[in-house]
Amino acid sequence: MIEYETTTECRMTFLRRQLDDPAIEGPCARCDNCAGARFTPTVSGEGTEAARAALAKPGVVIQTRTLWPTGMAALGIELSGKIGGAAAAKPGRALGRLTDLGWGPRLRDLLADEVPDQPLPAPMLDGIVKVLAAWGWSERPVAVVAVGSRSRPYLVTDTAQRIAAIGRLPYLGALDPVDAGEHQAPRGNSAQRLLQVHDAFAIGAELAAAVAAAEGPVLLVDDRVDTGWTMTVAARLLRQAGATAVLPFALALQA
Ligand SMILES: [Zn+2]
């Protein structure tokens, strides 16, 4: 193998000799030793910089929903068309994708079904700080709210409280999960998924008053975003309570 790698003769000739081929012809004219390398082994400085910048940029963008799914009226929910006005959330950020090489393995370990609810691991807080610093929001959030989680209330509220503490922002509280049932895995189409989470949260009077009094965007924290409908519904609640803008943040993006 090492001889094959380092030989300067025609590689086809080399291989045929190794295989005791009696009819070795002349050079093949196609291998890299005959025809020359097809790719330069060097990468332009520009390309290297672009790749490095993309890899080093902390966090991934959460694209928020812009349209309600079709067919909601048939399911008894009068939502259709554009998600606008007092329902819209701004694009958000996640620490990483579950499938990422960077944070993916640690996020999968933290959020796996059999892993118990726990506080935010310290290294992740460092990562979150970098994501928030690189966000480039047009208006800085003035308060933090947690999405009430049935499966990981400790993790989600701890994450929200730590972000609040480090950003010197008030933590206003968590939305209340309404349905006390089992956490349902996302399934079905968009309309069915929205139906599942549509009435899943309520905003308590105290939190509603605090959100109404906040004079700027509210950072809304959850553990993971999959279809995005939970974040959409939760952001809508905050907007309806009087939040001027909602910035979604999640630890993990599903896809
Ligand atoms: Zn050759």
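Laboratory data are not the source of any read-out in this text; all were calculated from the coordinates shown. The structure displayed is predicted, hence computed values, not measured ones. Here the Cβ positions follow ideal geometry from the backbone for every residue, glycine too, while neighbour counts run over all protein chains shown.
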How large is the helix-only mean residue ellipticity at 222 nm for the chain, computed as the sum of -39500 (n - 2.57) over DSSP H runs with n ≥ 4, divided by its residue count, in deg cm²/dmol to the nearest 500?
-10500 deg cm²/dmol
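Please give the contour-minus-distance gain from residue 212 to residue 70: 0.36 nm per residue of separation, less the Cα-Cα distance, rounded to one decimal in nm. Walk me through the numbers on the way to the answer.
Working: separation 142, 0.36 × 142 = 51.12 nm, distance 3.07 nm.
Answer, rounded to one decimal: 48.0 nm.
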Of the range 200-231, those with amide N under 13 Å from the point 7 Å along the Cα→Cβ vector of residue 117 are 223
Lys and Arg at +1, Asp and Glu at -1: add these up for the other residues within a Cβ distance under 11 Å of residue 93 and post the number.
+3
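Can you tally the net charge around residue 11? Count Lys and Arg as +1, Asp and Glu as -1, for every other residue whose Cβ sits under 15 Å from the Cβ of residue 11. Spell out each step's value before the answer.
Values: positive: 16, 17, 30, 38; negative: 3, 5, 9, 21, 25, 32.
Result for the neighbourhood of residue 11: -2.
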Hydropathy at least 0.5 by Kyte-Doolittle, axial extent at least 20 angstrom from the Cα trace: which helices of the chain, defined as entire DSSP H runs, fit?
none
Given the chain, report the % of alpha carbon pairs whose separation exceeds 33 Å.
36
How would the range 3-117 be classified by its alpha-carbon gyration tensor: rounded, prolate or oblate, with rounded meaning a/c under 1.5 and the a/b versus b/c comparison settling the rest?
prolate
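When the dipole is taken about the Cα centre of the range 1-156, and only Lys, Arg (+1) and Asp, Glu (-1) are charged at their Cβ, what size is it in debye, to the nearest 20? Walk me through the numbers before you get to the answer.
Numbers: 18 positive and 17 negative charges, 172 e Å.
That gives a dipole near 820 debye.
Going by average Cβ density within 10 Å per residue, which order do the peptides 222-233, 2-13 take, highest to lowest?
Details: 222-233: 22.7, 2-13: 12.2.
Result, highest mean Cβ count within 10 Å first: 222-233, 2-13.
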When ranked by the protection proxy of mean other Cβ atoms within 10 Å per residue, highest first, what sequence do the peptides 140-150, 193-203 form?
140-150, 193-203
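So if we plug the beta-carbon distance of residue 166 and residue 226 into 1/(1 + (r/R0)^6) with R0 = 25 Å, what FRET efficiency do we get, rounded to 0.05? Don't skip to the answer; put the middle values down first.
On the way: r = 26 Å, r/R0 = 1.06.
Calculated value: 0.40.
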I want to check the label-to-label distance for residue 7 and residue 23. Put each point 7 Å from Cα in the C-beta direction and report it in nm to one decimal.
1.9
